[in-house]
Amino acid sequence: MDSSRKPRWHYIYLLGLDAPLVAVLWLFLFAKTWRVIYHPWEVYVSLGLIVWTVRIVGKLLQSAITGDGSSFQAIHRKSLSRVAVITGVLALVLTVLYFPLSVYNYLTIGAILVVAYFSLTLFNSPAEGEVPYAKHAIGGIGFAFGTALMAHAYLPGLGIREMVYSWEFICFSVLCLITSTAVDLWARGSKDSESESRFLDEMTISLPLTLLGAASLVFAVRTEAMIARPFFYGILTGAALLQVLNRTHHRFSADQVKVLASLCLLVPGIIFQAFEMRR
């Protein structure tokens, strides 16, 4: 399908806007759960710009590697490159002007994860039909780390160790990792709905989602901090929605699956707010 004929909703994915929306939403959930008192609006804008920049650069690199000259990224390479530069500079300015000094310790690790992700994208080309699990693992953990640090950096007296060992961060990291891997598997499977490996691919995603859902339910019930329960219910909701999509992904095109996967990570925000209003 020519890019000019694509439905408007499809541009959410083509322009890489889905990832910033998910990141900003979950930053809000982290801040509420961890009771961050002072949290300026510049933090949300900066996170959205950083994630958008990384997403655009990733899409441009992937387009260059595949050599698909008809892709949206290849056709609009110059425009997207300019956007990436502008958003990257704006994010840097906001970080220098408005962020506390403690955030730079977090950003160093975040930068290492980003470099590792792009390195795997450039130099670790999987064979035909093979899923780059290492790339998805780094990408999912890096996305979760970048999102959580923007809230945790504003907690006085706490450092990186406390963040990475928190159940909130661990559960969200697993959710992001599974989502990234699942989208790749689903997109590959949608090209051949009769593939014999489809059942195995679904089980590869179904089992960790089931374990994540069970763990989040246990944490929600057993946690002593009532304020943390909506967060784990959000994780449970995201895992459940991805489980449904895992069973029905063959009904959708590869691009539709990618947008629906992002929606699975946005709906938990509604669940979180619903539980917040009941308290």
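Read the figures in this text as sums done on the coordinates, not as results from a lab. Just so it is clear, the structure is predicted and the values come from calculations on it, not from any experiment. Virtual Cβ from ideal backbone geometry, glycine too; neighbours counted across all protein chains shown.
Brief remarks on what is shown
- Evaluating 6.51 cos²θ - 1.76 cosθ + 1.60 at θ = phi - 60° for every residue in segment 172-187, the Karplus couplings come out as 5, 4, 5, 4, 5, 4, 5, 4, 4, 5, 4, 4, 5, 5, 5, 4 Hz, glycine and proline recorded as x.
- Share of alpha-carbon pairs per 5 Å distance bin for segment 45-174, given as whole %: 2, 10, 17, 20, 19, 15, 9, 5, 2, 0, 0
- The chain, relative contact order [Cα under 8 Å, separation at least 6], %: 21 percent
- Positive-end residue, the chain charge dipole about Cα centroid, Cβ charges, pick of A240, M203, Y133: A240
- Across the alpha-carbon atoms of the chain, the computed radius of gyration and Dmax are 18.7, 55 angstrom.
- Gap separating the Cα centres of segment 248-272 and segment 135-187, nearest whole Å: 19 Å
- Helical runs (DSSP H, four residues minimum) scored at -39500 (n - 2.57) apiece and divided by the length of the chain put the mean residue ellipticity at 222 nm at -25500 deg cm²/dmol.
- In Hz, Karplus ³J(HN,Hα) per residue of segment 137-152 (6.51, -1.76, 1.60; θ = phi - 60°; x = Gly, Pro): 5, 5, x, x, 5, x, 5, 5, 4, x, 6, 5, 5, 5, 9, 5
- Here S262, S46 are placed in order of increasing Cβ neighbour count within 10 Å, fewest first, which gives S262, S46.
- For segment 34-130, the set of chymotrypsin sites (Phe, Trp or Tyr not before Pro) satisfying both a DSSP loop assignment and a count of at most 12 other C-beta atoms within 10 Å is given as Y38.
- P(r) tail fraction, segment 60-113 - alpha-carbon pairs more than 14 Å apart, %: 66 percent
- Springs between Cα atoms under 10 Å define the GNM used for the chain, and in it the highest mean-square fluctuation of L14, L245, L158 occurs at L158.
- Residues V93, V51, V114, V259 arranged by fewest to most Cβ contacts within 10 Å: V93, V259, V114, V51
- Only Lys, Arg, Asp and Glu carry charge here, each on its Cβ (+1 for the first two, -1 for the last two); on that basis the chain has a dipole of about 600 debye about its Cα centre.
- In sequence order, segment 249-266 has phi-based couplings of 4, 5, 7, 10, 6, 4, 6, 5, 4, 5, 5, 5, 4, 5, 4, 4, 8, 8 Hz under the Karplus curve 6.51 cos²θ - 1.76 cosθ + 1.60, θ = phi - 60°, and Gly or Pro positions carry x.
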